[in-house]
Amino acid sequence: MADDGRMDSSAAPPPHSPDASGTTGSAGDGPSRTAPSYGPGRPPRTGRPSTTHPTAERSAERTAEHSGKYTTERTAASRAGAALTVPPAPAEVACRTHRLATGVWAHLQLAGDFWGFSNAGIVADGGEALLVDTYFTLAQTRRLRAAVESAAPGAQVRTVVNTHLNGDHCFGNQLFPGAECVTSAANLRAAAHELAPAPFRALQQQPPPGALGRYLLRHFGHFDFSGIEQVPPSRTFDGSLPLRVGAVHVELMEVGPAHTAGDVAVHVPEAGVVFCGDVFFHGTHPVVWAGPLRNWASACDRLLDTGARTFIPGHGPPADRADLAAVRDYLWYVHERAAERAAAGTPPEAAARELYTELTGPQSPYVDWELPERIGTAVAAVYRDLGTGAQGSADGPGPGTAETSGVPEAPGELLDVVTMMADLAEWGAGSGER
Ligand SMILES: [Zn+2]
C-alpha cells in the first residue's frame, strides 16, 4: 500500500462476489414463478460490457509480499453433459497478500465481475494469528492458509472470524481445526437461510431453467465444492467483542443487519484498518440479502467513525474513506429512489429496471460499478423495508427496521429476488428472452 495508507485504488479491479445464500433452498428446484416481464423498451447499456474482463492483468501490485495467479476450477457442470454449458469463468484469479501494517495483512482474490472470490484478513503477533474469513472452496482456502504461513511463519491461527455466513466467507473453516471460530449471534441465528455446499453442487448438476440457471452456472458452475464439511462458529457475541492477538488489540463490531442479518466488521485500531466483510463491496453494486439499506448506510458511518484510513472490502481492492463513503451515499440514494417508486405503486421489477437504467447511464457516478443486476436485490430490500412486499402489493410483510433483519422469511420470496436479479442481468445485457 502507499505510504499514506491508501491502497492503490487506481489499479482497482472491480470485485465480484458470491453470497449465493440468497438462493437458499432453491438451487436445483427451479424458479418458483414465471420470469417477470420487463415489457418493451430495454434500455441501451452504455457504460460497461456484459462479459468477463481482464481483471487479472490489472492486478500487479507493487507492494505485494506474496502474490500469484491461479487457474480457476471448472468442475461438475462441465462434466454433466452438453446441455449444461458453464460460461467462461475467470481464467486467472489475482491472488495476493497485501501488507497493511506490522502484523496486519489483507489477502485478496480479484477476479473481475465474478461472484465467489472474496478477501480475507490476517492479524498476527506473538506466534498467534487471527483470520478474518475463510473462502468458498477448500482449494481457495488452502491458498489462504499458505499465505498466512508465508506472511507470519510459525504463527498458529487461534481465531477465525466469520464476518457473515455466506459460503464464500466460511466454507473453508475446516482447514483451521485448532481455531476458535467467532461470529455474531445474529449471524448464527440466521444460518438456516444460508446455502450449504450440497445445493451448490446440485445446481451445478441440474441448474434451474432459464435465466436463473444461466446466471447461477456462470457464477458458481466452475467452483469445486467437494470435500467441504461445514464448521459453524463456536463462539458468538452481540454488539462488540474485544480480542487480543499477541499484543495487538482487535475489536469485532456487529454492524448488521445490512448485507446479511448479523454482519461483523473487524477493526484493528493500531493499524487504522477495518476488515469490512460484505458490508463493503468495492467496485460492484452490493448484493442485499437482508437490509434495510438505511441500516447498512448507518453501518458505513459507524465504520468511518472508527477513524480508520484503510478499509478492506469483502470483495474488491483495498479502499480508503472516500470509497466507503461512496457506498454509503449509494445506499441512501437507492433507498430514496426505490421508496419513491414503492410509494407510487410501481412493481419492484419495473422499479429495478428503471434504477438499473439510471445507475448504469453515462451520467451516473456508478457507471463503472460491476454487476448492476444486483440493483434488483436492493430494490427488493427497500420494498420489504417499507412493507410493500416483494410483489409490490400492499399485503406484503411488515416494515423492516434497523432492529429486525429484512431477510425474507419465505424461501420462495428469496428465490423471487434471485430470479429477478438473473432476469435483470440478461435484460440489461440485451440477451434476455422475452
Ligand atoms: Zn462475499
* Near Ala186, within a Cβ-to-Cβ distance under 10 Å, what is the net charge of the other residues, with Lys and Arg +1 and Asp and Glu -1? -> -2
* Asked: Roughly what would the spin-label model give for Glu229 and Arg189, points 7 Å off Cα along C-beta, in nm?
  -> 3.0 nm
* Asked: In a shell of Cβ-Cβ distance under 10 Å around Ala351, excluding Ala351 itself, what net charge do Lys and Arg (+1) and Asp and Glu (-1) give?
  -> 0
* Structure fact -> Sorted on mean Cβ neighbours within 10 Å (highest first), peptides 255-262, 207-214 come out as 255-262, 207-214
* To do: Could you list the GluC sites (Glu not before Pro) in the range 173-271 that lie in coil according to DSSP, counting only those with at most 13 other Cβ atoms within 10 Å of their Cβ?
  => Glu229
* Structure fact -> For Ala202 and Leu304, extending 7 Å from Cα along the Cα-Cβ vector and measuring point to point gives, in nm, a value of 4.3 nm
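No value in this document is a laboratory result; all are computed from the given coordinates. Source: prediction; values computed, not measured. Ideal geometry is used to build each Cβ from the backbone, glycine not excepted, and the neighbour counts take in all protein chains shown.
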